[in-house]
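Following: one structure in structure tokens, then a few remarks.
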Amino acid sequence: MAKARRERKRANREAKREAAQPIPTLTDEDFDRLLVEITVRADCEHASTRSTPDGLVLTRCARDAAVGGGCPVDCAAFEARRIGGLGTGT
């Protein structure tokens, strides 16, 4: 019983310490940096799309290689989309 109480008190102290930390101010430049290269590449063979009932088109990586909502610039799973569906180029 005493051990659980000590752990709760310690957790409360840590939570108060974290709450006392100032919240950083974000600028437009910070948001621009966050929004760079976060989309799934449409020219990738593994990109799949679907439409929602309200008309929004969602694109996702079929191989789950995308992280944080988008493909990394140097994605190891990237394959150029084939023309014609069979890879024949026709």
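In sequence order, segment 71-78 has phi-based couplings of 8, x, 4, 10, 5, 6, 8, 5 Hz under the Karplus curve 6.51 cos²θ - 1.76 cosθ + 1.60, θ = phi - 60°, and Gly or Pro positions carry x. At a Förster radius of 25 Å, what calculated FRET efficiency corresponds to the Cβ-Cβ distance of ALA20 and ASP54, to the nearest 0.05? For R0 = 25 Å, the calculated efficiency reads 0.05.
Values quoted throughout were computed directly from the atomic coordinates according to the rules given, and no laboratory measurement underlies them. These numbers were taken from a predicted model, which means no experiment stands behind them. Every residue, glycine as well, gets a Cβ built from its backbone with ideal geometry; the counts of neighbours run over all protein chains shown.
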